[in-house]
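The values are calculated or read from the model by the stated rules, or taken from the named source; none is laboratory data. Bear in mind that the values here come from a model prediction, so they are computed numbers and not experimental data. So basically every Cβ, Gly included, is an ideal-geometry build from the backbone, and we count neighbours across all protein chains shown. Heavy atoms of the whole protein, side chains included, go into the accessibility calculation; ligands, DNA and RNA do not. Shrake-Rupley method; radii C 1.70, N 1.55, O 1.52, S 1.80 Å.
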Amino acid sequence: MRSAIKAYNYDWMMGSLLEAAAKLPAGTAKETALAFNHIPYFKAPLEALIETGPPGIHFLNLLSKYYKNIVNARNDGKKIAATTFCSSPVIFYAMDIVPLTFEVLTAIGAMVWKRGMFDYMDYGCEVGMPETSCSSQRGALGAYLAGLGASIDFVVCDTPGVCDTNANAFVFAAEYLDKPFFQLNYPSTLGDDRSQAYHVKDYQALIAFLENQIGKTLDYNKLEAHLQEVEVQDAITADLEDMLMLVPTPIPPIYTLMIYSGRFCFAGHPEYTRLLELLRETAQKRMAEGIPGLKAGVENLRVLMCYIDHYTVDMNFYNYLEMRGIATTGSILTRNFRDDNKYCGPLEGSCYGMDTSSPEAMLDTMAQMNARLPMVRSIRGPYDQHGMWLEECLALARLYQADCIIYNGTPGCRNTWGMVKPFARDIEKQGIPVHIMNDDAFDDRVESWEATRERLDEFFTVRGLL
Amino acid sequence: MKIFQEAAAHIQCQSVMDWKATGKPIVGYTCSYLPAEILYAADILPLRLRAIETDGMDIGDAYFGPFICSFPKCLLQLVGSGHFKFIDGAVITPGCDGIRRLDECWRKAGEDYEGIVPGFFYYFDAPHKAEGHGMDWFVEEIETLVAEVEDHFQVEISNEKLHAAIVEYNKARRMLDTVESMRADKEMVLSGADMFAATIAGTALPRDVFSEQMARWMAILKQKPPLGSPRHRIMLLGSISDDLELFQLIESDTGAVVVADNLCFGVRAGGEPVEEAGDPVEALARHYLGGSTCPRLYGKYKHRLALVKEKIAKALVDGVIMQNIRFCDLHGAENALFERDLEALGIPCLRLEREYGPMTDRGRLKLRISAFLERLDRQSGKPRPDFRSRAAN
């Protein structure tokens, strides 16, 4: 790793940058415009967020706070858990633990920093992670492996049984940094009594591990407060989901990013509730006025991202959707699979319910909620099994009236690359066009954004969609 | 032993075909986590699926994506081209993401290639943790598999039959362990390739035939005069490898011998006996899952490092060659940790990433292995071999 990269801690640097960015709209328009001249590489994502008004500004503050929590954890007397986007942060907040989610930190760095996360990704390889490992963890993890971040206290992994490469990154982190490790492990089925019971036992073991790490027991009253906040958040999210189903949708593409990033960082926290409220308010206003979410005011196409979005420099992907007049109906990351969502109807057994009436009920709620998080819900067993990825995507595409489905991931995703071709073929058989993107959502060196854009254009043109 | 070499080199070896000729079923399986004793107890031949003799990749590439290990792709290639039509069943285990997706890819290829999906096609859901509820889940998986096999093949798998199968399997395990000790002796009586051929044969031959042949081989080895001390005592470890050619590449014309291995087709999967007392299903579960010998059992790295160090000490290993098939992150990352920790102890290590199947990158591998052996020469103070005269010969 170059010495210039080692000059600043990654988390402190990003946190400071986002904190300053969030203050920018408080100045005059002239001041903001002048500031943009000094941040050419950060300008596009910042502009895109600030343009959304209060939701984007609140989102910037939220991300800044996420970093600051990590940077200040030691001073605040809190421990840091390195964890994954498939793991709900609610349990950590209920136990005064600071979650540090590699994928979120990689995505933010990839979008807002000139160099993307390349240097940190490469450092991961320098110390032994395979170059074929998933870039979503390897980016931010590289910084922590290099000692360029706050000290991690323990590692909580949440994908064994679902994604080897994800789990393996956390195992490597724990061994390399010599930190305690815990894994939540998933069976190949969902919704049946046996797997439901397994989730609960596994979650009980997680709580015991966390209690052991922090030296105190879980306060169920505190957990209840956080779950009640989740209850509010889920209700607002369901409203937003309903609006995503409208044609045209009043939800701009960038909102979906804010919905799931906020959830990964602050589920169960009032800050995230406020973000969702702002998103709902602005979307409802547009809906009432009959204004589509897309800036152009016309919705040419509706896509369902069946896996993840694209996060490299400048928020190119979201800008591209805006430029082409393409509405996104969300990705695998957007949905929370709370049972009161409309889309849960055709996906019986796939969703979770909320019950805070007793510690046992809360434990069950947490375990089942966690088991419905992105990827671990949809891609755990054979993709054509009841309730899994194929059924889910077909149901969502129909409900949200998507014109096509797009797969985007990373080369590290063995889990999906192992079957995405037959999966796409099965969807095509149902009359829905599918495009498989061959890029890396976090690393433009695999395929340049320009090439990715050309391929998307080609798909839309050849299939007569645009 | 010719029978071992033949079984290691050919999927449809004579013993397997002899079994087939009797009309008794054969069930293929993909991973060392499947207790083969269950099938054997039902008078079914358990056949660990291998993908040697692959001569193309068009079918494998049509279903799997580009970023997938070449082992499941080669397997699918053979499946699609009809090489496995002789098996009556297949059990897919989520050993890793590549292999677990063989489940879908095999079934979907079956829509395009007639008759390639056997009548019994089963997903055996081995968990990633061996403690408490993880072990309970695995026990239930074994019980369910037993019931499914009984139902499909109209057989009975009683505890008595399971116990007898365990005893038969243990017989050969103990013999493998004895030969493994002989292999670790200072004076060499067998090559690493010979030992590896035997362990592979153990995943294909009917177990009683294998035991009988192992007994004969042991008797021969005990009579055999030592072949001298190897120039370099090598340990080979890492991801899926059932390729004798890799051993031959290390051993032929180098003076190096693979005196220990930790491969999923090697003695790693065949060494320790299963408990013969108590409930046979629970004993099988403890043996197959509890060993934590493979990086799919997350959080057990230190256990595996201790196992490797023990083997290194026992076999007086000079250097460790670690290999993984490209896209196998589990072994790729663990090999890096092994390298860090073993080199810190002064044990030279070489990490190789390669493709499964025909050794298309033989030249590259040979070069790197030769360079590694030169490093061992330098460290041991042994004179460097005269490569020019060797080339002339």
For the stretch B:1-138, what class follows from the C-alpha gyration tensor (a ≥ b ≥ c being the square roots of its eigenvalues): rounded when a/c is under 1.5, otherwise prolate if a/b is larger than b/c, else oblate?
-> oblate
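Would you mind classifying the stretch A:116-182 by shape? Square roots of the alpha carbon gyration tensor eigenvalues, ordered a ≥ b ≥ c; an a/c under 1.5 is rounded, otherwise it is prolate if a/b is larger than b/c and oblate if not.
On the way: a/c = 1.86, a/b = 1.14, b/c = 1.63.
Since a/c reaches 1.5 but b/c is at least a/b, the shape of the stretch A:116-182 is classed as oblate.
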Test assert for the stretch B:67-90: residues whose accessible surface shrinks by at least 20 Å² between chain alone and all chains, 1.4 Å probe, equal B:Phe67, B:Ile68
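With every protein chain present, what is the per residue accessible area of the stretch A:348-417 (1.4 Å probe, Å²)?
Details: 1690 Å² over 70 residues.
Heavy-atom accessible area per residue stands at 24 Å².
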Using only the alpha carbons, work out the radius of gyration and Dmax of the stretch A:130-286 in angstrom.
-> 18.7, 52
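Using the Cα atoms as the points, what is the convex hull volume per residue of the stretch B:271-380 in Å³? Walk me through the numbers on the way to the answer.
Values: hull volume 14.6 nm³, N = 110.
With only Cα atoms used, the stretch B:271-380 gives 133 Å³ per residue.
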Find the centroid of the Cα atoms in the stretch B:195-228 and in the stretch A:419-443, then give the distance between the two in whole Å.
-> 48
Counting pairs of alpha carbon atoms under 8 Å apart in space and at least six apart in sequence, what relative contact order in percent does chain B give?
-> 18
Whole Å is fine, so just give me how far the alpha carbon centre of the stretch A:324-382 lies from that of the stretch A:223-285.
-> 14
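Can you give the net charge of the other residues whose Cβ lies under 12 Å from the Cβ of B:Ala8, counting K and R as +1 and D and E as -1?
Working: positive: B:Lys2, B:Arg48, B:Arg50; negative: B:Glu6, B:Glu53, B:Asp194, B:Asp242, B:Asp243, B:Glu245.
Here the charged neighbours net out to -3.
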Give the interface area between chains A and B as buried accessible surface, both sides summed, probe 1.4 Å, in Å² to the nearest 100.
-> 4200
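Considering Cα pairs under 8 angstrom that are at least six residues apart, work out the relative contact order of chain A and quote it in whole percent.
Working: 801 pairs, mean separation 76.6, N = 466.
Reported as a whole number, the value is 16 percent.
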Residues hit by the 20 Å² burial cutoff in the stretch B:324-342, accessible area with a 1.4 Å probe, assembly against chain on its own, are B:Arg326, B:Phe327, B:Asp329, B:Leu330, B:Ala333, B:Ala336, B:Leu337, B:Arg340
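What longest region of chain B stays clear of GluC sites (Glu not before Pro) that DSSP places outside H, G, I, E and B and that have at most 13 other Cβ atoms within 10 Å? It would help to have the intermediate numbers written out before the result.
Numbers: sites that count: B:Glu111, B:Glu114, B:Glu131, B:Glu156, B:Glu187, B:Glu276.
Segment B:277-393 is the longest.
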Exposed chymotrypsin sites (Phe, Trp or Tyr not before Pro) absent: longest stretch of chain A, with sites in DSSP loops and at most 14 other Cβ within 10 Å deemed exposed | A:42-466
Where only C-alpha atoms are counted, convex hull volume of the protein assembly as shown per residue in Å³ = 173
Could you tell me the distance between the Cα centroids of the stretch A:173-206 and the stretch A:19-37, to the nearest Å?
-> 45
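Take the solvent-accessible surface of the protein heavy atoms, probe 1.4 Å, and return the percent of it on the stretch B:1-90 that carbon and sulfur atoms account for.
Values: 1410 of 2710 Å².
Carbon-and-sulfur percentage of accessible area, whole number: 52.
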If the chain between A:Glu51 and A:Asp242 were fully stretched, how many nm would it gain, using 0.36 nm times the residue separation less the Cα-Cα distance?
-> 66.4 nm
Give the calculated FRET efficiency between A:Lys429 and A:Arg455 to the nearest 0.05, with a Förster radius of 30 Å applied to their Cβ-Cβ distance.
-> 0.85
Scaled to the compact-protein estimate 2.2 N^0.38 Å, what is the alpha-carbon radius of gyration of the stretch A:344-412, rounded to two decimal places?
-> 1.32
Give me the number: length gained by fully extending B:Lys85 to B:Ala277, i.e. 0.36 nm times residue separation minus the C-alpha to C-alpha distance, one decimal in nm.
-> 65.3 nm
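Using the Cβ atoms and a cut-off under 9 Å, what net charge is assigned to the surroundings of A:Cys404, where Lys and Arg are +1 and Asp and Glu are -1? Provide the component values of the computation, followed by the final result.
Details: positive: A:Arg302, A:Arg463; negative: A:Asp403.
In short, +1.
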So the carbon and sulfur contribution to the accessible area of chain A, 1.4 Å probe, in percent, is 51
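Hey, what's the stretch B:20-137 come to in accessible area per residue, 1.4 Å probe, Å²?
Averaged over the residues of the stretch B:20-137, the accessible area is 26 Å².
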At least 10 Å² of accessible area lost relative to the chain alone, listed for the stretch A:413-449 with a 1.4 Å probe | A:Arg414, A:Asn415, A:Trp417, A:Gly418, A:Met419, A:Lys421, A:Pro422, A:Arg425, A:Asp426, A:Lys429, A:Asn438
Does the stretch A:264-336 come out rounded, prolate or oblate, given a ≥ b ≥ c as the square roots of the eigenvalues of its C-alpha gyration tensor, rounded meaning a/c under 1.5 and, failing that, prolate meaning a/b above b/c?
-> oblate
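Take the Cβ-Cβ distance between B:Ser252 and A:Ile291 as r, set R0 to 56 Å, and report the resulting FRET efficiency rounded to the nearest 0.05. Spell out each step's value before the answer.
On the way: r = 74 Å, r/R0 = 1.33.
For R0 = 56 Å, the calculated efficiency reads 0.15.
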Amide H to amide H, which residues 5 or more places from B:Arg354 or on other chains are under 5 Å from it, using H placed in the peptide plane?
-> B:Asn324, B:Ile325, B:Arg326
Can you give the accessible area of B:Leu307, probe radius 1.4 Å, in Å² rounded to 10?
-> 50
Enumerate the residues in the stretch A:117-138 having an amide nitrogen under 11 Å from the point lying 7 Å beyond the Cα of A:Met1 toward its Cβ.
-> A:119-127
For every other residue with a beta carbon closer than 15 angstrom to the beta carbon of A:Tyr144, add +1 if it is Lys or Arg and -1 if Asp or Glu, then tell me the sum.
-> -3
Cβ neighbours within 10 Å from other chains - mean over A:155-162 | 4
Relative contact order (%) - criterion: Cα under 8 Å, at least six apart; region: the stretch B:22-157 | 24
Computed over the stretch A:3-112, protein heavy atoms only, probe 1.4 angstrom, the accessible area per residue in square angstrom equals 38
